[in-house]
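Enquirer: So that we are looking at the same thing, I have put the structure below in structure tokens.
The values are calculated or read from the model by the stated rules, or taken from the named source; none is laboratory data. Since the structure is predicted, the reported quantities are computational estimates derived from the model, not experimental observations. For neighbour counting, all protein chains shown are included, and Cβ atoms are generated from backbone atoms with ideal geometry for every residue, glycine included. Quick note on the areas: whole protein, heavy atoms, side chains included, nothing else; ligands and nucleic acids left out. Shrake-Rupley method; radii C 1.70, N 1.55, O 1.52, S 1.80 Å.
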Amino acid sequence: MCITSNILRRLNLTEKKEKIVRNLFWATLSKFVSLVGSFVVGIFVARYLGKEQYGLMNYIISFVMLFQVVAYFGLDNIQIREEAKMPEERDKIVGTTFFLRIGLAVVTYLVLIVWVCLLEKDSFTRTLIILYGFAIIIETFTVIRNHFTSIVWNEYVAKTEIGRTLIGAVLKVVLMLCHVSLIWFVIALVFDFVLLASGYVLSYSKKIDTMRKWRYDNQLAKFLLRQSFPLFLSGAAFVFYNRIDQVMVDRMIDHQHLGLYAVAVRFMELLTIVPTIIAQTVTPLLVDIRRSDVERYESMSRLFMNVTVAVCVLLALFVSMLSYPIVYCTFGQAYIGATSVLAILSFKVIGDALSQTSGQLIIIENLQKYAPIRNIIGCVTCIALNYLLISHYGIHGAAYAAVITMFVSGTLANFVIPAYSQIFHKQIYALCFGWRDVTNIKQLVR
């Protein structure tokens, strides 16, 4: 993009900082386009399918994701770290990670098939789960995305992901115009993964080298598995407490209620763009500040958390108060039952802001070895609260559980971890007095 290049030249940044800013721009753009594109198309798909089938589709996605985390096994971040440390060993690291991911994916997919064949009574649901589950294997090509991330070349990954979003959106519109059944939309979701994998392979072949040079190393494989296991536990807990609510709503109530709940979740996913963009923009600056001036870092990290939380408090109040017109003007009258759920669930963005900002500080301050404890606490809390609250309050209970879980895992968990006590104090201050720093937001990007 020539416009981006011109802006970067005018900023007179060093080559290193320019690369970081460019990488950040493409990562943010990709996430924004993917979330907004999926959300907009999701509105039309939800209107077309209706509450019951839309609920079933979300159940299938959430159910498969609970298994999918095993195929990842926390290898992504370890691969990126090792490639950054030893770029000359690229083919061995990428190749070993790829073969490990393929093996884990195949085993996970077979377990998924056996599981649904034994426990899923409805044959149509069983077929859809097995069909969508094939995406677990296709997703192994994310090792290529990890490689581009390790060399700070997010531009090529972002272009691939944006292209996938646009092509996938057109395909789903065509399916609606052709008046097809739910199974074709599930096939389209799998095709999205195929498009993404193809884009990754093409980018790697054109910009890096041939995949034929990838090789497997047994000693490295053992090392990668040992290193990734704690991250696997943390990742599994995180996925569980972010997806188990939809599975439990479907199991404890029905597809129609999950369809309503899923609509509120879609809005919630859109709201999280705000703390994500702020965190991605400010984190590299905080890293540089901490290297040279610890005292200034403390001040700026407080400002970072205060501003992010304050902005998200305003956003939550706005969405909660206007939940009725928001749902009515997008998903329509059929999903109006989601308004009260959205009014509750919108406050989850505050907990997400606290979680994301504290998570970034934990990484910057090299305290991430305790991070899995937060997610495990969140997972246990989520399952227990959903079990208790859904049975009493239905989908509203699931919304309450989601909000409480986010605050417990992202904030209260820091209280019980001694190394995170200072971060916990910053979070409490941000909740109570963070609004005072909203006018100082410009200081974050100076």
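Enquirer: If you average the alpha carbon positions of the stretch 328-385 and of the stretch 132-177, how far apart do those two centres end up, in angstrom?
Expert: Their Cα centres are 24 Å away from one another.
Enquirer: Quick check on the stretch 28-173: take the gyration tensor over C-alpha atoms, sort the square-rooted eigenvalues as a ≥ b ≥ c, and tell me if it's rounded (a/c under 1.5), prolate or oblate.
Expert: oblate
Enquirer: Per residue, what volume in Å³ does the Cα convex hull of the stretch 224-363 take up?
Expert: 124 Å³
Enquirer: Now for a separate question. On alpha carbon coordinates alone, what is the Rg over Rh value for the stretch 331-385, Rh being the Kirkwood radius?
Expert: That ratio is 1.17, to two decimals.
Enquirer: More than 24 angstrom separation, counting every C-alpha pair in the stretch 292-446; what % is that?
Expert: The answer is 42 percent, as a whole percent.
Enquirer: Here's a follow-up. Rounded to a whole number, what % of the accessible area of the stretch 167-230 do carbon and sulfur atoms account for, probe 1.4 Å?
Expert: Percent of accessible area from carbon and sulfur atoms in the stretch 167-230: 66.
Enquirer: I need the P(r) histogram for the stretch 166-284: all alpha carbon pairs, bin width 5 Å from 0 out to the longest distance, whole percents.
Expert: Reading upward from the zero bin: 2, 7, 8, 10, 16, 20, 15, 11, 7, 3, 0.
Enquirer: Let me ask you something else. Could you work out, for the stretch 65-123, what percent of all Cα-Cα pairs fall into each 5 Å distance bin, beginning at 0 Å and stopping at the bin that holds the largest distance?
Expert: 4, 18, 21, 17, 13, 9, 8, 5, 3, 2, 0
Enquirer: Compactness ratio of the chain: Cα Rg over 2.2 N^0.38 Å, N = residue count?
Expert: Dividing the Cα Rg of the chain by 2.2 N^0.38 Å gives 0.98.
Enquirer: Roughly how far apart, in whole Å, are the Cα centres of the stretch 51-95 and the stretch 216-284?
Expert: A separation of 11 Å, based on Cα centres.
Enquirer: Could you sort out which of K31/K206; K31/K51; K121/K348; K121/K222; K85/K172; K92/K207 sit more than 30 Å apart by Cα distance in this structure?
Expert: Pairs exceeding 30 Å: K121/K348; K121/K222; K85/K172.
Enquirer: Taking N as the number of residues in the stretch 386-439, what is its alpha-carbon radius of gyration divided by 2.2 N^0.38 Å?
Expert: 1.47
Enquirer: For the stretch 301-349, just run the numbers: alpha carbon Rg, then divide by 2.2 N^0.38 Å, N being how many residues it has.
Expert: After normalising by residue count via 2.2 N^0.38 Å, the value is 1.37.
Enquirer: Using DSSP to define loop residues, name the trypsin sites (Lys or Arg not before Pro) in the stretch 105-156 whose beta-carbon has at most 10 other beta-carbon atoms within 10 Å.
Expert: K121
Enquirer: About its Cα centre, how strong a charge dipole does the chain have in debye, to the nearest 20, once Lys and Arg get +1 and Asp and Glu get -1 at the Cβ?
Expert: That gives a dipole near 840 debye.
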